[in-house]
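The values are calculated or read from the model by the stated rules, or taken from the named source; none is laboratory data. In this text the structure is predicted, and so the values were computed from the model without any measurement. With ideal geometry, Cβ positions are generated from the backbone for all residues, glycine too; neighbour counts draw on all protein chains shown. The area values use the complete protein model at the heavy-atom level, side chains included, leaving out ligands, DNA and RNA. Shrake-Rupley method; radii C 1.70, N 1.55, O 1.52, S 1.80 Å.
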Amino acid sequence: MQGSIELQNDGPGKVHSWHFHSLKEELFVVSGKVLLFWIDGEGYHQRACRSGTHIALPAETVHGSVAGADGAVYIISPEGGRTAVTTFLDSSDHPRPVPEFE
């Protein structure tokens, strides 16, 4: 089986607004900081992720992120190394405003 990962390099303050993926994804922060925010069955969550942080998001989890003041580099590993379909929510469907970070 062959698969892939994505190396994401976000500049300072880069926002990935509310969206979801068709597959489970795991993220590992390599450097910098990123604020990850998401909605699940228990409500709204946000987590400041620094270098060394690992987080898993189940498929279809509505989420987003904001890079810190110095940016962030992180690895995204989709389930089975496949390419996930990403769907961004229309701004009128955002569950809440994108939070500010730093």
Counting only residues that are under 19 Å from GLU79 (Cβ atoms), under 11 Å from the mean Cα position of the chain (by Cα) and of a type in the set (Gly, Ala, Ser), segment 14-64 contains a total of 1
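Residue under question is ARG96, and the condition is that it be open to solvent by 70 Å² or more (accessible area, probe 1.4 Å), assigned to a strand (DSSP E or B) and among the charged types (D, E, K, R); does it hold? If you could, list the steps in order and put the result at the bottom.
Details: open to solvent by 70 Å² or more (accessible area, probe 1.4 Å): yes; assigned to a strand (DSSP E or B): no; among the charged types (D, E, K, R): yes.
Spelling it out, it is not the case that ARG96 is open to solvent by 70 Å² or more (accessible area, probe 1.4 Å), assigned to a strand (DSSP E or B) and among the charged types (D, E, K, R).
What is the residue count in segment 77-93 for residues that are assigned to a strand (DSSP E or B) and under 18 Å from LYS14 (Cβ atoms)?
Kept after step one, since they are assigned to a strand (DSSP E or B), are these residues of segment 77-93: 77-78, 86-88.
Of the ones still in play, those that are also under 18 Å from LYS14 (Cβ atoms) are 86, 88.
Within segment 77-93, residues that are assigned to a strand (DSSP E or B) and under 18 Å from LYS14 (Cβ atoms) number 2.
How about segment 18-33: which of its residues are open to solvent by less than 30 Å² (accessible area, probe 1.4 Å), over 12 Å from LEU57 (Cβ atoms) and touching a residue at least 60 places away in the same chain (Cβ under 8 Å)? Spell out the reasoning first.
If we filter segment 18-33 for residues that are open to solvent by less than 30 Å² (accessible area, probe 1.4 Å), which is where we start, we get 18-19, 21, 23, 25, 27, 29.
Right, trim to over 12 Å from LEU57 (Cβ atoms) and you get 18, 29.
Correct list: TRP18 only.
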Out of the residues in segment 2-13 that are of a type in the set (S, T, N, Q) and farther than 22 Å from ALA69 by Cβ, which is farthest from the chain's Cα centre (by Cα)?
-> GLN2
Return the total of residues in segment 45-81 being touching a Pro at 6+ places or on another chain (Cβ under 7 Å) and open to solvent by 50 Å² or more (accessible area, probe 1.4 Å).
-> 3
